[in-house]
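A quick write-up on the structure given underneath.
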Amino acid sequence: MDERIDLTALELDEGRRELLVAAIMANAGAELDRRQSLDVSPMLVLSRWVRPALAAAAVVAVVCVSVLAVEPAEQQPGYGLADELAVPQPADAWLMGEREPTVGDVLVAMERGRR
Amino acid sequence: MTPETDARLVALAREGERAAFEKLVRRHLDTAYAVALAELADPKDAEDAVQDAFITALERLDDCRDPSAFGAWLRQIVRNRARTVRRREKLRQTEQLETAVVGASGASPARDFERSQLRTRLEQALGTLTTTQRTVVLMHDLEGYRHREIAAELGIPEGTVRSHLFFARRTLRDRLGDVIEEQTDGRTD
């Protein structure tokens, strides 16, 4: 036989119970916030940006392809490597021919450059 | 709908989910309070200890190796916290818990007064028990724990629990006379 003693008068009444819960939750706020911020890992941040980044890249690609398709690059006649590198014209021939310029070549090229 | 398990709530609280932690608080508050009251024999100190213990538990939630046994783990923190409170000088900050809300149970003033008187006498009587006797009688008669559960939690033999319960009840009856209402409900464990 179990002769329990009624100790329910010792229980927290509803008002004190709610106050205690409120006090605990108020004090727990900072730690809960800290835990929430820890939850945001770098990989998670990156993964959140994958889709927008891919979408932006796709838009840029579409625009570029459209522009290139409509306006093909204009090439000037005689436009060569020397023009691209901003070196005297004869240097183009030396580079393409894979030969070293002679002193004469250099003097001629300099003379043309002055003109 | 089945209630969420402690393990699930602990997992969510670890991620900082407020609602999950509040559910844990509400689920374990009464037992935590009973444990603290057993250690301190003072309701206000017990409330402080419970409050501190829940915050400590939240801060150390990652140390809870078995989240399904969160209750037992929490009660150990409550016990340790209560012992610290008991040791230190009582620099109480009564704060808002001391205010007029006390006793606002929704019952009539006469009933509140009666309950308050009974509560005071019970607290005084409990104060004459040893800490272990208080723990055993509160866990068993107030929170409904079984002998073997209390034995496991306190790390003492089941027979010792029964002995503590017997002497605790006898002391309370001697102190309180016919004030306490005995319940002979035939429950055994």
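The values are calculated or read from the model by the stated rules, or taken from the named source; none is laboratory data. Predicted model, so just to flag it, every value in this text is computed and none were measured. When we count neighbours, we look across all protein chains shown, and the Cβ atoms used for this are built from the backbone with ideal geometry, even at glycine.
Every residue, every condition in (1) touching a Ser or Thr at 6+ places or on another chain (Cβ under 7 Å); (2) under 21 Å from A:Asp33 (Cα atoms); (3) of a type in the set (Lys, Arg), yes or no:
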| residue | (1), (2), (3) |
| --- | --- |
| B:Asp6 | yes, yes, no |
| B:Leu9 | no, yes, no |
| B:Leu12 | no, yes, no |
| B:Ala20 | no, yes, no |
| B:Leu29 | no, no, no |
| B:Glu39 | yes, no, no |
| B:Ala49 | no, no, no |
| B:Thr56 | no, yes, no |
| B:Asp62 | no, yes, no |
Q | Among (1) closer than 22 Å to B:Thr84 by Cβ; (2) surrounded by fewer than 17 Cβ atoms within 10 Å (Cβ to Cβ), the one test that B:Asp48 misses | A | (2)
Q. Does the range B:1-23 contain at least one residue that is over 15 Å from B:Glu59 (Cα atoms), facing another protein chain (nearest Cβ under 8 Å) and assigned to a helix (DSSP H, G or I)?
A. no
Q: Could you look through the range B:63-113, keep only residues that are at pLDDT below 55 and hydrophobic (A, V, I, L, M, F, W, C), and pick out the one that is nearest to B:Ala13 (Cα to Cα)?
A: B:Leu97
Q | Check on B:Phe70, touching a residue at least 24 places away in the same chain (Cβ under 8 Å), within 14 Å of chain A (Cβ to nearest Cβ), surrounded by 18 or more Cβ atoms within 10 Å (Cβ to Cβ) and among the aromatic types (Phe, Trp, Tyr) | A | no
Q) What is the number of the single condition among (1) at pLDDT below 95; (2) under 53 Å from the mean Cα position of the chain (by Cα); (3) facing another protein chain (nearest Cβ under 7 Å) that A:Leu20 does not meet? A) (1)
Q: Consider B:Thr160 carefully, then state whether it is at pLDDT 95 or above and farther than 12 Å from A:Ile5 by Cβ.
A: yes
